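Here is the structure we will look at.
The values are calculated or read from the model by the stated rules, or taken from the named source; none is laboratory data. Everything numeric here is computed off the predicted structure, so don't read it as measured data. Glycine gets a Cβ as well: all are built from the backbone with ideal geometry, and neighbour counts include every protein chain shown.
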Amino acid sequence: GLGVTTTTVTTITQTGGDWSSSLFNVCGDRTTCLLGAFVPCCLDLSLAHQYGECLCLCLLPGSTFTMRVGIRERYKIRGSVCEHWTTLYGCYPLAICQMIREMKRRMKNQNYQVSTALECS
């Protein structure tokens, strides 16, 4: 008979702990730092794209705050809603840069395990 091939892809993401870089680690990614200083709205668009959302999300009030809380929940980063609110609305350019750095780091460090099995009927 004919065999059926099954492929399974597993994504492994590191979770837990603190943000991978501090709020003031602006030299960690100079391009992000410059964009954050001069056109942080462009970083908001990039963040929405990296987060897997529609670019129109940035037009909604509170969307950046929602993405920050979502990043914290997705990667099990320590913190609270109050901390994120004060960070984001007190230091918006620095907070958005930190979020971009976190997404870049987390996306780059994903490991993929692919296993293929051949089943015969």
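Remark: pairs (first residue in the range 78-97, loosely packed, with under 12 Cβ neighbours inside 10 Å; second residue part of a loop (DSSP other than H, G, I, E, B); Cβ separation under 7 Å; 6+ apart in sequence or on different chains) = ARG78/GLY17; ARG78/ASP18.
Restricting to the range 34-66, give me the number of residues that are in a loop (DSSP other than H, G, I, E, B) and either touching a Phe, Trp or Tyr at 6+ places or on another chain (Cβ under 7 Å) or within 17 Å of CYS97 (Cβ to Cβ) (or both). Residues meeting the conditions: 1. I'd like to know if the range 7-30 contains one or more residues that are exposed (fewer than 11 other Cβ atoms within 10 Å of the Cβ) and at pLDDT 90 or above. So far as the range 7-30 goes, no, none of its residues is exposed (fewer than 11 other Cβ atoms within 10 Å of the Cβ) and at pLDDT 90 or above.
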